[in-house]
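The values are calculated or read from the model by the stated rules, or taken from the named source; none is laboratory data. Fair warning: this is a prediction, and the values are worked out from it, not measured in the lab. Backbone-built Cβ (ideal geometry, glycine too); neighbour counts: all protein chains shown. These accessible areas exclude ligands, DNA and RNA; they are computed on the full protein's heavy atoms, side chains included. Shrake-Rupley method; radii C 1.70, N 1.55, O 1.52, S 1.80 Å.
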Amino acid sequence: MRVAVDNALAEETTIHWHGVRVPNAMDGVPHLTQTPIGAGERFLYEFDAVDAGTFWYHPHQRSSEQVGRGLYGPLIVEEPQSVRADRDVTWMLGDWRLTKSGAISEDFGNRHDIHHNGRVGNTVTINGRVPDGFAVRKGERIRLRLINAANARIFSLDFAGHEPIVIALDGQPVTPHAPDKGLVVLGPAMRVDLIIDMTGNAGSRASVTDRFYERLEYRLVDLVYDGTPLRERAPDWPLALPANPLPEPDPEAASRNEVVFNGGMMGEMVAREMGESLGARGGMMGDMNSMMGGMMRMMNSSAAWFINGVAADGASHDMKPMLTFEKDKSHVIAMTNATAWYHPIHLHGHSFRVISRNGKRTLHREWQDTVLISPREKVEIAFVADNPGDWMFHCHILEHQAGGMMAVFRVA
């Protein structure tokens, strides 16, 4: 791909190719991989699209506001041999905080959003529009690519009696399976590819409902059935996608690295609870307890969020690596969410296998580049550090990133 970016904004910007395994100089992180693109300037991004899948692009310069104003788009890299479907559809899910007049609210970066669950809006769109209906036909098979471009909103989609099958996560193929409890969950920046067979009756409607926030469920869109069926029953076509050329990590031979996320509203209370629980187990857990105690002291500072006791200061452009990984070796990162809030954690330049949650092996060992970690949850990921350079890792609730939850890892 060769993309010439002309910056017609009145401020600096960059483009990050989210989930795409690009060379370090093409990653779009200001002051780490490139100088920001100035107002009126041009920058040429050029890289090989080594993986097929559903990706997207967005700025990393003042991203909480630039993304919050809609500066993003989908990037689809097609497989040489795709799964068979009647239609290949992309839904880019957007979330907007609008005033009563319909204008974008100007309260970006406010303290409440940073310390809580981020900038959750009051209006949700699909591909930039508030939808009423999505036309389908009985018997139709649709490949639906979902991209969560929201600053902070987490989606949990109920497809109303339909049975979606997950075939890819964050662009990477996965063993085809039904989502847990039938709900398709996407944290910010995450993507899911689904196969959905339209099994409703001709002329009917079925509402797709977002159920993530308790007592705040809402209808996202209706599947509106045409009166003429395409076929009477679902087709019997294969579902598995071909694998991408990702190096397979060996968790047994991997280096082990502990990362703890702290901060936010009620963060000190959660960190203390988890520190006491871990300390009671002794050994390495006792060392973790000491680390958490140190981080609780750090949390009395003006910063909001911390990784291993350190809050990033984007204004200072201090990009010293927190972790260093040997190139072409396997590495495990054990990430503990010692906060009261969800965090979608994104690694730049690499995809990783999610190998365990709270000590329990994951069923599909799915490849992802952004993993959603629940409050008080511990998630282990494994990857081969095959892409040299200094790379960001951060929470993709963009207000959390702006409040300090980002760091740098080095592959060398």
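Kindly indicate the residue of region 112-135 that is outside any loop (DSSP other than H, G, I, E, B) and free of Cβ contacts under 8 Å to residues at least 24 places away in the same chain and also surrounded by the most Cβ atoms within 10 Å (Cβ to Cβ) among those meeting that condition.
His112
Any residue at all in region 373-392 that is under 24 Å from His58 (Cα atoms), without any contact (Cβ under 8 Å) to a residue 40 or more places away in the chain and surrounded by fewer than 23 Cβ atoms within 10 Å (Cβ to Cβ)?
no
State yes or no: is Glu46 touching a Pro at 6+ places or on another chain (Cβ under 7 Å) and over 26 Å from Trp341 (Cα atoms)?
no
Please find, among Asp197, Asp210, the residue that is closer than 29 Å to Gly19 by Cα and more than 25 Å from the chain's Cα centre (by Cα).
Step by step, each of Asp197, Asp210 is checked, and only Asp197 is closer than 29 Å to Gly19 by Cα and more than 25 Å from the chain's Cα centre (by Cα).
Considering only region 15-22, I want to know if a residue exists there that is of a type in the set (Gly, Ala, Ser) and on the phi < 0 side of the Ramachandran plot.
No, region 15-22 contains no residue that is of a type in the set (Gly, Ala, Ser) and on the phi < 0 side of the Ramachandran plot.
Looking only at region 49-82, count how many residues are assigned to a loop (DSSP other than H, G, I, E, B), in contact with a strand residue (DSSP E or B) (Cβ under 7 Å, 6 or more places away or on another chain), closer than 22 Å to Asn24 by Cβ and open to solvent by 40 Å² or more (accessible area, probe 1.4 Å).
Going through region 49-82 one residue at a time, the tally reaches 2.
In region 93-109, how many residues are open to solvent by less than 50 Å² (accessible area, probe 1.4 Å) and polar (S, T, N, Q)?
1
If you take the residues of region 155-164 that are in contact with a Leu (Cβ under 9 Å, 6 or more places away or on another chain) and open to solvent by 10 Å² or more (accessible area, probe 1.4 Å), which of them is nearest to Thr370 (Cα to Cα)?
If we take residues in region 155-164 being in contact with a Leu (Cβ under 9 Å, 6 or more places away or on another chain) and open to solvent by 10 Å² or more (accessible area, probe 1.4 Å), then Asp158 is nearest to Thr370 (Cα to Cα).
Do we find a residue being open to solvent by 40 Å² or more (accessible area, probe 1.4 Å), at pLDDT below 95 and not small (Gly, Ala, Ser) anywhere in region 136-154?
Within region 136-154 (the criterion being open to solvent by 40 Å² or more (accessible area, probe 1.4 Å), at pLDDT below 95 and not small (Gly, Ala, Ser)), the answer is no, since none of the residues qualifies.
Output the residues belonging to region 21-35 that are in a loop (DSSP other than H, G, I, E, B), open to solvent by 10 Å² or more (accessible area, probe 1.4 Å) and not charged (D, E, K, R).
Pro23, His31, Leu32, Thr33, Thr35
Answer yes or no as to whether Thr90 is assigned to a strand (DSSP E or B), closer than 30 Å to Ser374 by Cα, open to solvent by 30 Å² or more (accessible area, probe 1.4 Å) and in contact (Cβ under 8 Å) with a residue 12 or more places away in the chain.
It is true that Thr90 is assigned to a strand (DSSP E or B), closer than 30 Å to Ser374 by Cα, open to solvent by 30 Å² or more (accessible area, probe 1.4 Å) and in contact (Cβ under 8 Å) with a residue 12 or more places away in the chain.
In region 248-262, what count of residues is obtained for those that are within 20 Å of Asn337 (Cβ to Cβ) and among the aliphatic types (A, V, I, L, M)?
2
Residues in region 301-327 that are assigned to a loop (DSSP other than H, G, I, E, B) and among the hydrophobic types (A, V, I, L, M, F, W, C): how many?
The number of residues fulfilling the criteria is 6.
Which residues, taken from region 335-349, are open to solvent by less than 10 Å² (accessible area, probe 1.4 Å) and either small (Gly, Ala, Ser) or within 14 Å of the chain's Cα centre (by Cα) (or both)?
The answer is Ala338, His343, Pro344, Ile345, His346, Leu347, His348, Gly349.
Taking region 393-406 as the region of interest, how many residues are assigned to a strand (DSSP E or B) and either without any contact (Cβ under 8 Å) to a residue 24 or more places away in the chain or under 13 Å from the mean Cα position of the chain (by Cα) (or both)?
The number of residues fulfilling the criteria is 3.
For region 235-254, which positions are closer than 23 Å to Leu169 by Cα and aliphatic (A, V, I, L, M)?
Correct list: Leu239, Ala240, Leu241, Ala243, Leu246.
Consider Val260 carefully, then state whether it is touching a residue at least 40 places away in the same chain (Cβ under 8 Å) and crowded, with 20+ Cβ neighbours inside 10 Å.
yes
Check region 321-333 and report whether any residue there is touching a residue at least 40 places away in the same chain (Cβ under 8 Å), open to solvent by less than 10 Å² (accessible area, probe 1.4 Å) and under 15 Å from Val310 (Cβ atoms).
So far as region 321-333 goes, no, none of its residues is touching a residue at least 40 places away in the same chain (Cβ under 8 Å), open to solvent by less than 10 Å² (accessible area, probe 1.4 Å) and under 15 Å from Val310 (Cβ atoms).
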